[in-house]
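In what follows, a structure is listed as structure tokens, so that the remarks can point back to it.
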Amino acid sequence: MNIAIMGAMVEEITPILERVTLKETIEYAKNKYYLASYKQHNLVIAYSKIGKVHSALTASIMLEKFKAEKLLFSGVAGAINEQLHIGDLIIATKLCQHDLDISAFGHPYGYVPESKIYVETSSTLNNIAKKVADKLNINLLEGIIATGDQFINDTQKKQWIKDTFNADAIEMEGASVGFVCDAFGVEFFVLRAISDSADMDAGFDFDKFLETSAQNSADFLIKMLDYIDE
Ligand code: SAH
């Protein structure tokens, strides 16, 4: 099975690259794609660079050029749900774009005609994650993740995103990757470890916890590969 594993930043995929057998690095469309294997799986691994455009481009390439049959995202996020603390893991049940706004025409926030507000992740992959969490006694929250091209470090903005989308965490790539996978009919999964609380300390916390939280997320994702069938 060809599985795509992606992150947004180099720190998010380095701990994954360290655990797989690297076969080849291919440069394409101003990015690097690492072809690797892990047990029975063929992997294509990349970090997209930050934001919705870069992540949508990378996801599209992983599916179209590298023929990935599933896509797993690993990275960090800001917490909205108060149960989430630095280092905790969340998997997305569905994702939305909090900065997509044509409400001037009477449309709900996050909606454009012929599309939808939320894109749903694979329940099969989410169930595998829950099984792994149970086995390893790891606390794993399931919830809604809101994506936008903004680093949120403002409690008012965070509250608006919570109230408008019922979101549990915020980041900058998950929904764009999700909409790409949904369009191609490819199962996808978004895992994030909390790096900050999207409040006034978020910039400081992010810098302090990026590496350890990215590592938490990557470690969990690697363990999931053992439970994904050929
Ligand atoms: N420090 C980086 C920028 C990080 S942007 C630099 O200078 O290059 C934040 C990244 O982490 C994004 O990829 C996003 O998906 C995630 N993220 C973590 N906390 C976030 C928050 N509070 N708001 C939005 N995205 C967040």
Failed condition for Ile228, given (1) in contact with a helix residue (DSSP H, G or I) (Cβ under 7 Å, 6 or more places away or on another chain); (2) part of a loop (DSSP other than H, G, I, E, B); (3) among the β-branched types (Val, Ile, Thr); (4) at pLDDT 95 or above: (4)
Residue in segment 220-230 that is surrounded by the most Cβ atoms within 10 Å (Cβ to Cβ), counting only those that are under 20 Å from Thr93 (Cα atoms) and not hydrophobic (A, V, I, L, M, F, W, C): Lys223
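Yes or no, residue by residue, for (1) within 14 Å of Ala146 (Cα to Cα); (2) open to solvent by 10 Å² or more (accessible area, probe 1.4 Å); (3) within 16 Å of the ligand (Cβ to nearest atom); (4) free of Cβ contacts under 8 Å to residues at least 12 places away in the same chain:
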{"residue": "Ile50", "(1), (2), (3), (4)": "no, yes, yes, no"}
{"residue": "Val53", "(1), (2), (3), (4)": "no, yes, yes, no"}
{"residue": "Lys67", "(1), (2), (3), (4)": "no, yes, no, no"}
{"residue": "Ser74", "(1), (2), (3), (4)": "no, no, yes, no"}
{"residue": "Ser103", "(1), (2), (3), (4)": "no, yes, no, yes"}
Residue among Asn2, Asn81 that alone is open to solvent by less than 40 Å² (accessible area, probe 1.4 Å) and in contact with an Asp or Glu (Cβ under 8 Å, 6 or more places away or on another chain): Asn81
Any strands (runs of 3 or more DSSP E) falling wholly within segment 32-113 and containing at least 1 residues that are within 16 Å of Asp168 (Cβ to Cβ) and under 19 Å from the mean Cα position of the chain (by Cα): 70-79, 89-97
Residue match in segment 161-169 (condition: away from the ligand (no atom under 15 Å from the Cβ), within 17 Å of the chain's Cα centre (by Cα), within 16 Å of Leu95 (Cβ to Cβ) and not aromatic (Phe, Trp, Tyr)): no
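The values are calculated or read from the model by the stated rules, or taken from the named source; none is laboratory data. If you're wondering where the values come from, they're calculated on a predicted model, not measured in any experiment. Heads up, the Cβs are rebuilt from the backbone with ideal geometry, glycines too, and the neighbour counts pull from every protein chain shown. For accessibility, only protein heavy atoms count, side chains too; no ligands or nucleic acids. Shrake-Rupley method; radii C 1.70, N 1.55, O 1.52, S 1.80 Å.
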